[in-house]
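Written out below as structure tokens is the structure these notes cover.
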Amino acid sequence: MAKPLDVITIGRSSVDLYGAQVGGRLEDMGSFNKYIGGSPTNIAAGAARLGLKSALVTRVGDEHMGRFIREELEREGVDVRGVKTDPERLTALVLLGIRDQEQFPLIFYREDCADMALCEDDIDPAFIAEARCVCATGTHLSHPRTEAAVLKALRLARESGAKTALDIDYRPNLWGLAGHGAGESRFIESGRVTAKLQKTLPLFDLIVGTEEEFHIAGGSTDTIEALRTVRRLTDAVLVCKRGPMGAAAFTDDIPDTLDEGVAGEHFPIEVFNVLGAGDGFMAGLLKGWLTGEDWPTTLKYANACGAFAVSRHGCTPAYPSWEELQYFFRTGIRNRALRKDAALEQVHWSTTRKGERSEMRVFAFDHRMQLEEMADDIGAPRARIGDFKVLCLEAAQRVAGGNSGYGILCDGRHGREALYRAAGSGLWIGRPVEWPGSRPLELEPEIGPDFGGLVEWPLEHVVKVLCFYHPDDDAEVKERQEDVVKRLFAASRRNRLEMLLEIIPSKVRAADAQASAAVIERFYEIGVYPDWWKLEPMTSHKAWENACNAITRNDPYTRGIVVLGLDAPAEELEESFTVAAGFDLVKGFAVGRTIFGEAARRWLAGEIGDDEAVSSMARKYEALCAVWDRARAEQGRAA
């Protein structure tokens, strides 16, 4: 009978704080990127990216970092029912750095951490029975309490007919054999550790490790002798990782050399960061093993995943999606520094983004110039604009009701308080960077001349930029605008932020059915791949068809398109929505003044209070959502 889970991993779970600077001492790191970490956690996430239904059994703290791990795993598609929240202990942390091609310093902060409190009571027999495989890692065999939990999970797995796997994952200082400053150490001889590992080896169907890890498991620094010792204790398939030479699998007796083991294609790429490579390798190995591939193919998957890991910053963020892996197999190595292959990185980014949104009903109140002019005309202080934007957020949240498919566009100049309040609300949040009305394009001063201001943005914010660009612009205007958009795109990616590019050719001069498509083609030509497009409300079927074709031809992984409002009456928007809803690439709308225009003027003038303003905007926003939903439904029936 089929089981709902392919694999449950069990053991360490931490937050990795990776030094953002490369080529220096950990002492000299000035900033850090935050990722999930811990071998079993990495494996579970890597396996999920490859299409396996994975789950994790561990503990995290009842604090921000524990919630981060849980939320990030959910975004990756990992089942977190086995992730327990420890009310007393903190989530483990690891500080890591890239010193050079051979030195990767790290410090484990694991004193009485949450995952080391995992116990037998945390292992649910019904949950384990759902899995086709249970994968353990070596660190949790180092303490009697966690060892008991692992052994219980393995026993239950075998009783339910599941496979079992071990990643030896030997870290001497996590076994108490080295000091805090020796986190990078990979091998110290220890009869105690060897005896502990050998006691558990018969429980596994698959055992994976580096040569050094098999040395500790086999009690010998002669790799063949160590493997033969392990073989005498278990019939498991043994997979020995060999770094740039790939790996060797042994299904029967151990031959005289590693070269005589089963091998798969390996990939000679430039090493950038070895941390987490073994976990990526294990995820690829599980993908092949659990889907019935032969060992050469399984090792090919594993070697490729390991290659991706050593070529990028971070552990889990480096691992490929299944689509990316297939793309890599088709194209091969075009640049040994994989992270510098722009086309490959675009596939990686696009296929590992989190939170797909099939519907986008966005209330846009990012207007600055228009509201400033309105306040000045009425004689209201501009300082009140920020308070009004908080009311806009309240209207958006009232209509959304906690459901997905809704969002806001809000600026940081007047809308900072609204942005603060929207954080973590579940709303899609777009944030503009252009100086209103600028042509050629200029950016808000807070972004900075080097675009460094983006480093302050939360990762859930989407960089939105409006560019008044027409295919018939003169060369100088095109060059200046393209330069800004190209650099902004690069800065957005560097800061792990999605980007929405808004273009309005008709605001420059007359635009035909090909105008938007031509602009879209040009931006792809110069290497700009926005996650979202925002296009004007065209009523021509041909114009929408041309635009959608231009996008899908260049970027099959695009998030999609939203339709802007341009202060059009609701009736005109309905006409545009009716045409746009016929294209699957159009996910919804981002409309502002049609919703807030009247309420803003009356509220700023003191004619209505907060409640009436919120209610008025909520009614209009809800009505516009209904117009879009009706248009989409009618197009669906017509299809």
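The values are calculated or read from the model by the stated rules, or taken from the named source; none is laboratory data. Every value quoted in this text rests on a predicted model; they were computed, and no experiment measured them. Backbone-built Cβ (ideal geometry, glycine too); neighbour counts: all protein chains shown. Keep in mind that these areas ignore ligands, DNA and RNA; they rest on the heavy atoms of the full protein, side chains included. Shrake-Rupley method; radii C 1.70, N 1.55, O 1.52, S 1.80 Å.
Here are the numbers for the structure shown:
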read-out	value
Residue 158 versus residue 425: modelled label distance in nm, points set 7 Å from Cα along the beta carbon direction	5.4 nm
Extension gain (nm, one decimal) between residue 112 and residue 619, 0.36 nm per residue minus Cα-Cα	177.2 nm
Rounded FRET efficiency, nearest 0.05, which uses the C-beta distance separating residue 326 from residue 63 and R0 of 51 Å	0.85
Principal-axis tilt of helix 610-638 within the chain, Cα atoms, nearest 10 degrees	70 degrees
Surface accessible to a 1.4 Å probe, per residue, for the residues of the chain, Å²	40 Å²
For residue 178, residues with placed amide H under 5 Å, excluding near neighbours	173
For region 488-503 and region 18-54, distance of Cα centres in Å	22 Å
Net length gained if the chain between residue 75 and residue 232 were fully extended (0.36 nm per residue, minus Cα distance)	52.3 nm
Theoretical ellipticity at 222 nm over the chain - DSSP helices of four or more residues, -39500 (n - 2.57) apiece, nearest 500	-12500 deg cm²/dmol
Environment charge at residue 471 (Cβ cut-off 13 Å; Lys +1, Arg +1, Asp -1, Glu -1)	-4
Vicinal HN-Hα couplings computed from phi for region 96-104 (Karplus, 6.51 cos²θ - 1.76 cosθ + 1.60; Hz; Gly/Pro x)	9, x, 10, 7, 6, 6, 10, 10, 9
Fraction of antiparallel bridges per DSSP, the chain only, in percent to nearest 5	20 percent
Region 271-404: C-alpha gyration tensor shape, a/c 1.5 cut-off, then a/b vs b/c	prolate
Gyration tensor (alpha-carbon) shape descriptor, region 544-639, a/c threshold 1.5	prolate
Placed amide H near residue 464: partners under 5 Å, 5+ positions off or other chain	431, 433, 500
Residue 585-residue 607 pseudo-label distance in nm [points 7 Å out on the Cα-to-Cβ vector]	4.2 nm
DSSP beta bridges in region 69-206 [antiparallel fraction, %, rounded to 5]	40 percent
Using alpha-carbon coordinates, inclination of helix 342-352 to the longest axis of the chain, degrees	90 degrees
Value of D in µm² per second that Stokes-Einstein yields for the chain, Kirkwood Rh from Cα pairs, at 20 °C (1.002 mPa s)	80 µm²/s
With every protein chain in place, region 593-635: carbon and sulfur % of accessible area (1.4 Å)	43 percent
Residue list for region 201-233, given a label point 7 angstrom along the Cα-to-Cβ vector of residue 260 and an amide N cut-off under 13 Å	224-225, 228
Length gained when the stretch residue 403-residue 187 is fully extended (0.36 nm per residue, less Cα-Cα span)	72.7 nm
Cα gyration tensor category, rounded, prolate or oblate, for region 347-459 with a/c compared to 1.5	oblate
Estimated inter-spin distance, residue 27 and residue 480, nm [label 7 Å along Cα→Cβ]	4.9 nm
Modelled FRET efficiency - R0 22 Å, residue 251 with residue 129, Cβ distances, 0.05 increments	0.20
Placed amide H near residue 560: partners under 5 Å, 5+ positions off or other chain	533
Separation between Cα centres of region 132-150 and region 88-113, rounded to whole Å	20 Å
R0 of 22 Å, Cβ-Cβ distance residue 459-residue 557: FRET efficiency to nearest 0.05	0.70
Hypothetical label at residue 512: residues of region 468-485 whose amide nitrogen lies under 13 Å (7 Å Cα-Cβ projection)	471-472
Cα centroid separation, region 505-539 to region 543-617 (Å)	17 Å
With every protein chain in place, region 151-193: carbon and sulfur % of accessible area (1.4 Å)	49 percent
Candidate lysines for bridging to residue 3, where Cα separation is under 17 Å - those fewer than 8 sequence places away on the same chain excluded	53, 163, 287
Helix axis angle, 223-233 relative to the chain longest principal axis, alpha carbon, degrees	80 degrees
